[in-house]
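What follows is calculated from the coordinates using simple rules that are stated; it is not laboratory data. Worth saying up front: this structure is predicted, and the values here are computed from it rather than measured. Counting neighbours? That spans all protein chains shown, and the Cβs are built from the backbone with ideal geometry, glycine included.
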Amino acid sequence: MNIFDRMMSLDRRWVFLFLALVCVITHVVPFSIPIIITQEAKSIYSFIDTLKEGDIIFMAIDYDPNSLAEMHPMTYAIAEHAFRKKLKIIFTSLSVNGPGMADLAIRDISDSVKIGKTYNGVYYEGREVVNGIDYIFLGYKPYPALVIVGMGQNFRLPFPTDYYGTPLDEHPIMQGVQNYDQIKCVVDISGTSGVDMWITYGQGRYNFPLALGLTGVMAADYYPYLNSGQVFGILGGLLGAAQYEKMADNPGRAVDGMRVQLFAHIVIILFIVMGNVGFLLSRRKARKD
Amino acid sequence: MEQLSVGTFIWMSVAAFFTLATFSFLYKDNPFYKLAEHIVVGISAGYFLIILWHNGLQPNLFNRLEDGNWYLFWLNSSRPWYIIPAILGAMMWTRFSRKWSWVSRWPIALYLGIATGLAIPLEMRNRVNRQLYSTMSEVDWGNFFGNGFLDSTAGFSQLLIFLGVISALFYFFFSKEHTGVFKGIARFGIWILMIGFGSSFGYTVMARISLFVQRIQVLEDYTTTAWTGSGVFLLIWFITFGIFVIMAAYELIRFLTRKQSATPS
Amino acid sequence: MKRQLPLVLVFIFGVFMIFQYFVPHESSEWIFEFLLDWIYIIGIFAMALAIYSLVRVSWDKIKHRRENWQYAVMTLLGLFLMVLFGFDYGRHFFSAEGLQNFMFRHFFDYIMIPIQATMFSLLAFFIASAAYRAFRARSLLASLLLISALIVMLRFNPYLGPVAEYMEKTASWLLNVPNLAAKRGIIIGVGLGIVATALKVILGIERNYLGKD
């Protein structure tokens, strides 16, 4: 048994341990890496940055705890950016465990915005964001396609009340807001197939500007929609979240996580190369024999 | 900085315990992992039920019938027709009865009719037509090689997109045998598809790693809170991690003694 | 009635929804909104079926003392506790106070989120193990897949020196050109498949949803 055969028969738990050690050590050692901004991420930031005080955006928090790592930093970065600019946000959640994620995110972002901070050289005074005035959380309904189409007619059709049971008309933010015509854009942060529903049944029928925040697994699949103009921007995975954090001058979990990503990728690439070198050598040996 | 309460730290410890219990599956299946797995299934189901009730039935059904009386089946309400979708929904539950399952076909038919009718024009327009329009955009022959290294907006890139889409569609056309020129085009199509899948795989690796990175960040926060907090926090931290350290030590001793007894004396 | 009526219903409502898309007159919009309003309620009842299935399977496991039945007890306990907290210990059935219940929120934040997030993070290790054991460049196609994956993974690696800029541009081109072409081909194929299946359902050619008599 040569060295490569021995390596190939290695218990996979040693591979797990090696990867875990690399990730933990990289996380603990302080260093930073440059985050390069892509055009598809910049489009979203620029769009939101040029909106005026009082403009309303729609954020669909369509992810479950299993995609929390990539999606939460995106939600925090975009919502905080919007609140700092005094935009109003209508939240909804069309995934099963999404309402809990949205509720958690709204609580955390509300606390964060209370503290005055400087972003990109501009000081933003801390403020209280009030439910019903600065934002509203509509809640969840099953069957995303039908809900998206219903909201295009009137938000009150699928959501007569908000998540907390208050009728929508009792909230000042919903005065004069009927459907997508009164909002500037929809940002769908999604780890599920609901994103297809937003593109087909939402943007396709009601023609509002749509931006996507997607998991890494899905990101590469939606470039055709970016190219056709159905979507104006894509944030892909933790990288997309890190890019938005950098543009907003609000580094957080995503920028921190990219450091570990870098070395984990190098480890995976090493494993692939080692595996293939071993495979080629054993194939050559088999041919000789 | 506001001092964290012991109660909140205990909850953080519960989260850390379940995180480590789930990670223990990487070594092997064990009671801690099974416990976490079964608890999360039950809690998820309960959570979903509550959300359906408070976010679904309550605003869309019960609020609309609230001026009626349940003992009159809400027929005295100002909007009694909302009983009908409720009855149709309840008819879905006959799916579990062998004798009465045919009753569930009516609400399913209603739902399917609406969903499929809604889907046809929108899917055709957005998945097919708009994608085809973008594929058939004019090639910029004047700027064929683009500006700089591998320009995505250059003429050759646009031409490659057009040829790539057509050949990928050729590959998926199985009503004709892939022979001759057809085979050649389909082969180019599968090359393009493989590059696409490779790109997705590259992104997928990033996605999976980031999930683990977030867990490290959470455990780090928990550890930092314990070590910078009071003695009680530290004690709870030791108990939480200690359970798994003891488990790991036990397994290590078993592994070493097994190795020792396996080597011939 | 048992099989004919559902087929007629699917046809009528399917054709109406297609018609409504092209004729957005006030009256067709009114019927459209009326139908949507009903379908939300029907859909909620349908989703509850899944919960019943879980309870039935778990109860069956406990009743017959099958393997690991003790864990099924934990499943039902978790379900019961969340329902209890969600109705605010039975105090608020018809108002949403239960959603703000301390235990309901904490069970979600400190039990459900960690377990679900960690379960999916295990995939990071499995992908490393698969990279080591299974990802082989056995053929031209597999080599193409691996090379494009490697380029995308090395996209923003600052330690590549002078090659880093070209790697980023190559990865960007790969995503915006061949990857786009491949995924567009798949999207068009899927779209045509959805339209064809939907038409088959509306016209009554596809009848699997009716089940057996």
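Since only A:Gln203, A:Phe263, A:Val113 are under comparison, the one whose Cα sits farthest along the positive direction of the charge dipole of the protein assembly as shown, derived from C-beta charges on Lys, Arg, Asp and Glu, is A:Phe263. The modelled label-to-label distance for the pair C:Leu160/C:Val73, using points 7 Å beyond Cα in the direction of Cβ, is 5.7 nm.
Descending by average beta-carbon neighbour count within 10 Å, the peptides C:149-159, C:187-197, B:37-47, A:35-45 line up as B:37-47, C:149-159, A:35-45, C:187-197, the highest first.
Within the same chain, lysines fewer than 8 places from B:Lys28 are excluded, and of the rest, those with a Cα less than 28 Å from its Cα are B:Lys259, C:Lys61.
Could you pull out every one of the lysines with an alpha carbon less than 18 Å from that of C:Lys2, ignoring same-chain neighbours closer than 8 positions? Here the lysines satisfying the reach criterion relative to C:Lys2 are B:Lys99, C:Lys212.
Of the chymotrypsin sites (Phe, Trp or Tyr not before Pro) found in region C:73-140, the ones in coil according to DSSP and having at most 16 other Cβ atoms within 10 Å of their Cβ are C:Tyr89, C:Phe93, C:Phe94. Considering all C-alpha pairs of region B:74-143, those separated by over 19 Å amount to 62%.
Could you work out [θ]222 nm for chain B from helices alone, using -39500 (n - 2.57) per DSSP H run of at least four and dividing by all its residues? Round to the nearest 500 deg cm²/dmol.
The per-residue figure over chain B is -22500 deg cm²/dmol.
Legend: mean number of C-beta atoms from other chains within 10 angstrom of residue C-beta atoms, peptide A:266-279, equals 6. FRET efficiency for the B:Arg125 to A:Met7 pair, using the beta carbon distance and R₀ = 45 Å, is estimated at 0.25.
For chain B, modelled as a GNM whose springs connect Cα atoms under 10 angstrom apart, the maximal fluctuation among B:Ala119, B:Ala36, B:Ala226 occurs at B:Ala119. Summary value for chain A: 24 percent relative contact order, contacts being C-alpha pairs under 8 angstrom separated by 6+ residues.
For region B:35-52, putting each phi into the Karplus relation 6.51 cos²θ - 1.76 cosθ + 1.60 with θ = phi - 60° gives couplings of 4, 4, 4, 6, 5, 5, 5, x, 5, 4, 5, x, 4, 4, 4, 5, 4, 4 Hz, in residue order, rounded to whole numbers and with x for Gly and Pro. Other protein chain C-beta atoms within 10 Å of residue C-beta, averaged over C:102-110: 6. Taking the Cα centre of chain A as reference, the dipole from Cβ charges on Lys and Arg (+1) and Asp and Glu (-1) amounts to some 1200 debye.
Across region C:67-75, coupling constants 3J(HN,Hα) worked out from phi with the 6.51/-1.76/1.60 Karplus curve, θ = phi - 60°, read 4, 6, 5, 4, 6, 5, 4, 5, 4 Hz, and Gly and Pro carry x.
Inter-chain neighbour count for C:1-11: the average number of beta-carbon atoms from partner chains within 10 Å of each residue's beta-carbon is 5. Comparing A:Leu87, A:Leu238, A:Leu51 in a Gaussian network model of chain A where C-alpha atoms under 10 Å apart are linked, the largest mean-square fluctuation is found at A:Leu51. Spin-label model, B:Thr257 to A:Arg107: label points 7 Å out along the Cα-to-beta-carbon direction sit 4.6 nm apart. Estimated from the Cβ-Cβ distance and a Förster radius of 51 angstrom, the FRET efficiency linking B:Leu75 and B:Phe174 is about 0.35.
Put in order of Cβ neighbour count within 10 Å, fewest first, the listed residues A:Ser282, C:Ser172 become A:Ser282, C:Ser172.
Applying a DSSP loop filter and a limit of 10 other Cβ atoms within 10 Å to the trypsin sites (Lys or Arg not before Pro) in region B:1-93 leaves B:Lys28. First check a/c for chain A, with a ≥ b ≥ c the square roots of the eigenvalues of its C-alpha gyration tensor; if it is under 1.5, answer rounded, and if not, answer prolate when a/b is larger than b/c or oblate otherwise. Verdict is prolate for chain A.
Note on chain C: with a GNM built from Cα contacts shorter than 10 Å, the maximum mean-square fluctuation among C:Gly14, C:Gly185, C:Gly161 falls on C:Gly161.
Neighbours of C:Pro162, meaning other residues whose beta-carbon lies under 15 angstrom from its beta-carbon, give a summed charge of -1 when Lys and Arg score +1 and Asp and Glu score -1.
What the phi angles of region A:195-210 give under the Karplus curve with 6.51, -1.76 and 1.60, with θ = phi - 60°, is a coupling list of 5, 4, 5, 4, 6, 7, 8, x, 4, x, 9, 10, 6, 8, x, 10 Hz, glycine and proline written as x.
In this calculation the C-beta distance from C:Ile147 to A:Ile133 is compared with R0 = 41 Å, giving a FRET efficiency of 0.15.
Assuming 1.306 mPa s and 10 °C, estimate D for region B:179-265 with Stokes-Einstein, Rh taken as the Kirkwood radius over Cα pairs, in µm²/s.
Working: Rh = 18.5 Å.
Answer from the Stokes-Einstein relation: 86 µm²/s.
A simple charge model with +1 on the Cβ of Lys and Arg, -1 on the Cβ of Asp and Glu and nothing else charged puts the dipole of region A:96-148 at about 80 debye relative to its Cα centre. Is the shape of region C:1-66 rounded, prolate or oblate, going by the alpha carbon gyration tensor and its root eigenvalues a ≥ b ≥ c, with a/c under 1.5 for rounded and a/b larger than b/c for prolate? Prolate shape, in that a/c is at least 1.5 and a/b is the bigger ratio.
Shape call for region A:34-123 from the C-alpha gyration tensor, a ≥ b ≥ c root eigenvalues: rounded (a/c under 1.5), prolate (a/b greater than b/c) or oblate?
Verdict is prolate for region A:34-123.
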